[in-house]
1. Between A:R324 and A:L22, how many nm apart are label points set 7 Å from Cα along the C-beta direction?
2. Can you classify region A:157-200 as rounded, prolate or oblate using the Cα gyration tensor, where a ≥ b ≥ c are the square roots of its eigenvalues, rounded means a/c under 1.5, and otherwise it's prolate if a/b beats b/c and oblate if not?
3. Apply the Karplus parameterisation 6.51 cos²θ - 1.76 cosθ + 1.60, with θ equal to phi minus 60°, to every residue of region A:4-17 and state each ³J(HN,Hα) to the nearest whole Hz, in sequence, with x for glycine and proline.
4. For region A:214-286, what does the equivalent ellipsoid look like in terms of its semi-axes, each the square root of 5 times an eigenvalue of the Cα gyration tensor, given largest first in whole Å?
5. Relative to the present Cα-Cα distance, how much length would full extension add between B:A86 and B:F32 at 0.36 nm per residue of separation?
6. Leaving out ligands, DNA and RNA, and with a 1.4 Å probe, what % of the accessible surface on the protein assembly as shown is carbon or sulfur?
7. Run through every distinct alpha carbon pair of region A:154-259 and return the Kirkwood hydrodynamic radius in angstroms, one decimal place.
8. Over chain A, with a Gaussian network built from C-alpha contacts below 10 Å, which listed residue (A:R158, A:R113, A:R80) shows the highest mean-square fluctuation?
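The values are calculated or read from the model by the stated rules, or taken from the named source; none is laboratory data. Being a predicted model, the structure only gives us computed values, none of them experimental. Glycine also receives a Cβ, built like all others from the backbone with ideal geometry; neighbour counts cover every protein chain displayed. For the accessible areas, the whole protein counts, side chains as well, though only heavy atoms, and no ligand, DNA or RNA atoms are used. Shrake-Rupley method; radii C 1.70, N 1.55, O 1.52, S 1.80 Å.
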Amino acid sequence: MLLLTIDWSFIIEKLILISVILGASLGVATYATWGERKVAAWMQDRKGPSRAGPFGLLQPIADGIKLFFKEEIIPTDANRFLFILGPSLAMLTACMASAVVPWGPSIELESGRVIALQVADINIGILYVFGVVSVGVYGIMLGGWASNNKYSLMGSVRAASQAISYELAMGISLIALLMMTGTLSLAEIVNQQHGFWENGWFTWNVAKQPLGFIIFLVCAFAELNRAPFDLPEAESELVAGYHTEYSSMKLGFYLFAEYVNLFISSAILITLFFGGYNFPFMDQVAGSVSPIVFSAICVLVLMTKTIMMILFFMFIRWTIPRFRYDQLMNLGWKSLIPLALVNMLITGAIIIWVLN
Amino acid sequence: MQELTNKRVAVDRKPMTFMERLYIPTIIKGLFITVGHIFKKPATISYPEQQRPFSPVFRGLHILNRDEQGREKCTACGLCALSCPAEAITMEAAERVKGEEHLYKEEKYAAKYEINMLRCIFCGLCEEACPKDAIYLSETVAQANYSRKSFIYNKEDLLIPNPNETH
């Protein structure tokens, strides 16, 4: 009788959704590596990968196969358990954060059943993302520590201090946003940004919180360990940073987790500031097509926005040189945190005296 | 001290202004430059399919020439070996016997002719020294190989194919 009381279709529905999202985020991450190489090449007047398949589209698969067949080396003085735990943790946390992103509006079937295009609509969604991303730093920390290599250790120390410094500013800039939305649930935040234009102003949060967006974006760069804040793996200083001692698929996991993180962070950035799956004239579109088609369009819109964001991350990476470590800390503690605090105060004042 | 050129520029060590410390205007300026490069034609030459033409003065691997009837021109006079600054060329001369007129142009010929491509500096002095127009530097480069010995090219490696011989 117990088995009958379980809502099996609910479990199956969520399982399908999880596997689709996991597959999509891994797929996008795979092709983000290809895209990154192409963007870098184009910006430097080169061609980029062009041999494996048309336009080099099979290149990421070839890279993956290569990494799988490489010799697996664990240094003799390394802590074996932590050494393997590091990349696993990095990959796990990268995949976990996608659970709360709303990929599209709920579909209402004719039978009355509502299918949510979100794995879990928890009411502390954004807090969950922050928690998971913070655990991601442990992947880098453990890997760097377990390698028993001074470059790895330096890289992981840098990663940890950088992540902690920028998480502060990121959190404070987000508090200003949350004061406006009044909710932590990502689905609710997206619903509030419905459409594009309402009551004489843009509905997307980027127009309501421009300063907060810039602070959040800069901090996202730092959290992702991407240029100009790629100090944890600064090739010219630390050999390869925290993954110096890694080889084979464990190295692949680290590199891959970075791209999965890039995809998820872009999706969350879009969800928080660029209206998620909302697009202009969506009410007119919703009236003229069936709900399933409308949901598909919404998912497509979100994916397009996310890919634009990923491209922006890549453009920045190949434009700006790396910060020096003291510059990084100065920017984080002396500029971004005070700015975020000021932004929070201004937002609070506006909410109390203007919007009331 | 007198300056050699007028290209000296003093390094600007002024502290950054407020606009510069904002970073964002300069980042946008940089983005315009890099994104502009996306639409430029890549400088890449896809090597095996496309090849870049050599310059007319390119000096590559040597060839030993034949005359119109397919006879070897080299007379093993040794002037090339003498002119070679890297001492890469060695040869042994032999006298042409009766019945070999179709093989060698003159009475004396090189029985053995070797160039050590690891020593050769591709200066082209052998080409200039040759009185019989027998040695030329072509537009190919030496193939990579595994052993030092394989870089000593003998006469068979250097001679151009006989135009009269049908394969």
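1. Distance between the two pseudo-spin positions: 4.6 nm.
2. Details: a/c = 3.12, a/b = 2.98, b/c = 1.04.
Prolate is the answer for region A:157-200, as a/c is 1.5 or above and a/b outweighs b/c.
3. Once rounded to whole Hz, the list reads 6, 6, 6, 7, 4, 5, 5, 5, 5, 4, 5, 4, 4, 4.
4. Here the semi-axes work out to 34, 15, 6 Å.
5. Details: separation 54, 0.36 × 54 = 19.44 nm, distance 5.24 nm.
So the chain would gain 14.2 nm between B:A86 and B:F32.
6. On the way: 19330 of 29830 Å².
Exposed carbon and sulfur together represent 65 percent of the surface.
7. For region A:154-259, the Kirkwood estimate is 16.0 Å.
8. A:R113
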